[in-house]
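Right, one structure below, let's go through it.
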Amino acid sequence: MALDTAFLQSLAAIVGDEHVRHANQLALMDPGIDADNLAAGLAVRPGSADEVAGVLSLCDVAGVAVVTHGGRTGLARGAVSAPGQLVMLTDRLEGLEIDPVERVAEAGAGVTLQALQEAAAIHGLSPGIDTASRGSATVGGLVSTNAGGMEAFRYGMMRQRVLGMEAVLADGTILRDLARVPKNNEGYDLRQLFCGSEGTLGVVTRVTLRLERADPPSATVMCACPDAAAAVRVMRDVQDQDGMLRAEIMWREFARRVAENVGLAAVLGFYDAPVYLILESAAGEDRLADALAPHMDSGAVLDAIMAQSAREADDIWRIREDSFAANRTLAHQLWFDISLPLSAFDGYVDGLKARLDAIGDGMVLFALGHLADGNLHVTIGRETPFGDSDATAVAMAVEQGVKAAGGSVSAEHGIGTAKLAILARNATPQKIAVMRRLKAALDPNGTMNPGKVIPAS
């Protein structure tokens, strides 16, 4: 559906003609993770909440769907668009203030995580969240997907980081409550509706975030472990020292593929293990070594390497963070993001391997995750394409037992369109019904990122 001249003129009147991007201009932009993100062929760059309100009001009346974009790093197809829709780019929603006394940041939706981290670090503070896409992921996107990352076990996900919020509803109503205090009990907590809503209820334009004291790492170690249960025991002892900053787990096939494809195979040369555990601590090398010693004796740690320089630490972390280096070795792949109680990891991974073998030959399983909070990332690939039936069978194999164990089939990357069927199979009908009622109340015309997050009836 082509948008008429009158609509385009009204759009330009709100944000300025120079901030309307047409198809020829969007063709020069990086679409991000998904090639369909900019398929709408039309985008707008509002510079304030008032301009966002004007655009949304215009679109609501005209019946034009709006898909909001941050850094386009989402993995669940939550930012894909289509012709006849309008992409709202948030890069001009800037502004960043750090209050080092209150330990609060006020940030526009377009501020990148890295910019926030660097601004907070000047004051010895941290936003308490970190992801591998820190250079491009934006505050608005992190809130809208309820991002987690490597520090979630310490400080929670974005839901726990947000103190206050400014957001705009589909009809242009601006909700502004930029509270700067943790205790705020003024009726319904509307900000939480937007955390994880992926732009389906409105547009987050600005937030206030709690900051934490930054604890610079002083020791990084990679441990070779016989299984996930051993890695959990080691991690818990290090955690009890009060200094653990990160704890990441990788199964052999993933770690080997990354290391070989980024020129770091020598890093894993110390031991060929079923599972690798990376620990980062602020407690220092001596205390970390003391914590590992009994586990070396018991066999929970088969061998370990302690980084002796920042470069060596970076090499260890690259094996964990450069997951696309492994994925690129798979001709066709399916990606999943779940969470499980830690005691279920070994049984789940072993059971998943068996279930995949039953579906067909040639399946490759990559497994890795944030150990301390039970978040497991799973990629399944093979040389031949996945037909619809095989893709569904693989997804159901991944889901099997997750909810029964007390876990979640969508841990930290949202639903988008990629996980609609998964959510429909695993959420209760009552939950989905309430989600639909909330959507109808806040976006009665269905203009905000339609077709995402909520399974079709």
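Output the residues belonging to the range 64-79 that are within 12 Å of residue 449 (Cα to Cα), part of a loop (DSSP other than H, G, I, E, B) and not aliphatic (A, V, I, L, M). Even if it seems obvious, please write down each step before you answer.
Of all residues in the range 64-79, those within 12 Å of residue 449 (Cα to Cα) come to 64-69, 77-79.
Subset that is part of a loop (DSSP other than H, G, I, E, B): 64-65, 77-79.
Selection gives 77, 78.
Could you list, in sequence order, all residues of the range 118-140 that are over 18 Å from residue 317 (Cα atoms), open to solvent by 40 Å² or more (accessible area, probe 1.4 Å) and not in a helix (DSSP H, G or I)?
122, 123, 136
Residues of the range 89-117 being aliphatic (A, V, I, L, M) and either closer than 30 Å to residue 338 by Cβ or crowded, with 24+ Cβ neighbours inside 10 Å (or both), which ones? Walk me through how you get there before you give the answer.
Pass one, the range 89-117, residues aliphatic (A, V, I, L, M): 89, 93, 96, 98, 101, 104-105, 107, 109, 111, 113, 115-116.
Answer for the range 89-117, where residues must be aliphatic (A, V, I, L, M) and either closer than 30 Å to residue 338 by Cβ or crowded, with 24+ Cβ neighbours inside 10 Å (or both): 93, 105, 107, 109, 111, 113, 116.
From 405, 393, which residue is within 18 Å of residue 339 (Cα to Cα) and not charged (D, E, K, R)? Step through it out loud before you land on a result.
Values: 393 fails: within 18 Å of residue 339 (Cα to Cα).
405 is the lone residue from the list that is within 18 Å of residue 339 (Cα to Cα) and not charged (D, E, K, R).
Given (1) of a type outside the set (Lys, Arg); (2) outside any strand (DSSP E or B); (3) over 30 Å from residue 281 (Cβ atoms), identify the lone condition not met by residue 350.
With (1) of a type outside the set (Lys, Arg); (2) outside any strand (DSSP E or B); (3) over 30 Å from residue 281 (Cβ atoms) applied to residue 350, the lone miss is (3).
Does residue 143 satisfy being in contact with a Phe, Trp or Tyr (Cβ under 9 Å, 6 or more places away or on another chain), of a type outside the set (Gly, Ala, Ser) and not in a strand (DSSP E or B)? Step through it out loud before you land on a result.
Working: in contact with a Phe, Trp or Tyr (Cβ under 9 Å, 6 or more places away or on another chain): yes; of a type outside the set (Gly, Ala, Ser): yes; not in a strand (DSSP E or B): yes.
When the stated conditions are applied, residue 143 passes them.
Being touching a residue at least 24 places away in the same chain (Cβ under 8 Å), open to solvent by 50 Å² or more (accessible area, probe 1.4 Å), of a type in the set (A, V, I, L, M, F, W, C) and over 21 Å from residue 57 (Cα atoms) is the filter here; which residues of the range 425-457 pass it?
456
Check 354, 391, 395 and return the single one that is touching a residue at least 60 places away in the same chain (Cβ under 8 Å) and either over 16 Å from the mean Cα position of the chain (by Cα) or surrounded by 20 or more Cβ atoms within 10 Å (Cβ to Cβ) (or both). It would help to see each step written out before you state the result.
Details: 354 fails: touching a residue at least 60 places away in the same chain (Cβ under 8 Å); 391 fails: touching a residue at least 60 places away in the same chain (Cβ under 8 Å).
From the options 354, 391, 395, the qualifying one is 395.
Name the pairs: first residue in the range 12-23 and over 17 Å from residue 59 (Cα atoms), second residue modelled with pLDDT of 95 or more and not in a helix (DSSP H, G or I), Cβ to Cβ under 8 Å, at least 6 apart or on different chains?
Cβ pairs passing all conditions: 23/41; 23/42.
Condition first: buried (at least 17 other Cβ atoms within 10 Å of the Cβ), among the charged types (D, E, K, R) and part of a loop (DSSP other than H, G, I, E, B). Now tell me which residues in the range 1-50 satisfy that.
34, 45 - these are the residues of the range 1-50 that are buried (at least 17 other Cβ atoms within 10 Å of the Cβ), among the charged types (D, E, K, R) and part of a loop (DSSP other than H, G, I, E, B).
Has the range 256-264 got at least one residue that is closer than 23 Å to residue 130 by Cα, modelled with pLDDT of 95 or more, surrounded by 22 or more Cβ atoms within 10 Å (Cβ to Cβ) and not basic (Lys, Arg)?
yes
Mind telling me which of the residues 81, 57 ends up being surrounded by fewer than 21 Cβ atoms within 10 Å (Cβ to Cβ) and among the small types (Gly, Ala, Ser)? Show your work before the answer.
Values: 81 fails: surrounded by fewer than 21 Cβ atoms within 10 Å (Cβ to Cβ).
Of 81, 57, the one residue that is surrounded by fewer than 21 Cβ atoms within 10 Å (Cβ to Cβ) and among the small types (Gly, Ala, Ser) is 57.
Taking the criterion of being in a strand (DSSP E or B), in contact (Cβ under 8 Å) with a residue 60 or more places away in the chain and not aromatic (Phe, Trp, Tyr), would at least one residue in the range 224-235 satisfy it?
Checked the range 224-235: at least one residue is in a strand (DSSP E or B), in contact (Cβ under 8 Å) with a residue 60 or more places away in the chain and not aromatic (Phe, Trp, Tyr).
Given (1) open to solvent by 70 Å² or more (accessible area, probe 1.4 Å); (2) in a loop (DSSP other than H, G, I, E, B), where does residue 301 come up short, assuming only one miss?
(1)
Go through (1) among the aliphatic types (A, V, I, L, M); (2) in contact with a strand residue (DSSP E or B) (Cβ under 7 Å, 6 or more places away or on another chain); (3) in a helix (DSSP H, G or I) one by one and return the number of the condition residue 249 breaks.
Every listed condition holds for residue 249 apart from (3).
Need the failing condition index for residue 417 against (1) out of contact with any Asp or Glu (no Cβ under 7 Å at 6 or more places or on another chain); (2) at pLDDT below 95, just the number.
Only one criterion is unmet by residue 417, namely (2).
Identify, by number, the condition in (1) within 21 Å of residue 202 (Cβ to Cβ); (2) in contact with a Gly (Cβ under 8 Å, 6 or more places away or on another chain); (3) open to solvent by 20 Å² or more (accessible area, probe 1.4 Å); (4) among the small types (Gly, Ala, Ser) that residue 63 doesn't meet.
The one condition residue 63 does not meet is (2).
Of all the residues that make up the range 174-196, how many are in contact with a Leu (Cβ under 9 Å, 6 or more places away or on another chain), within 25 Å of residue 50 (Cβ to Cβ) and open to solvent by 10 Å² or more (accessible area, probe 1.4 Å)? Show your work before the answer.
First, the residues of the range 174-196 that are in contact with a Leu (Cβ under 9 Å, 6 or more places away or on another chain): 175, 177-182, 184, 190-191, 193-194.
This time we only want the ones that are within 25 Å of residue 50 (Cβ to Cβ), so: 175, 177-180, 184, 190-191, 193-194.
Still in the running and open to solvent by 10 Å² or more (accessible area, probe 1.4 Å): 175, 177-180, 184, 190-191, 193.
Total meeting the criteria: 9.
In the range 147-164, which residue that is open to solvent by 20 Å² or more (accessible area, probe 1.4 Å) and either part of a loop (DSSP other than H, G, I, E, B) or in contact with a Phe, Trp or Tyr (Cβ under 6 Å, 6 or more places away or on another chain) (or both) is nearest to residue 48 (Cα to Cα)?
157
The values are calculated or read from the model by the stated rules, or taken from the named source; none is laboratory data. This structure is a prediction, so every number in the text was calculated from the model and none was measured. Positions of Cβ are backbone-derived with ideal geometry, glycine not excepted, and every protein chain shown enters the neighbour counts. Only protein heavy atoms, including side chains, enter the accessible area calculation; ligands, DNA and RNA are left aside. Shrake-Rupley method; radii C 1.70, N 1.55, O 1.52, S 1.80 Å.
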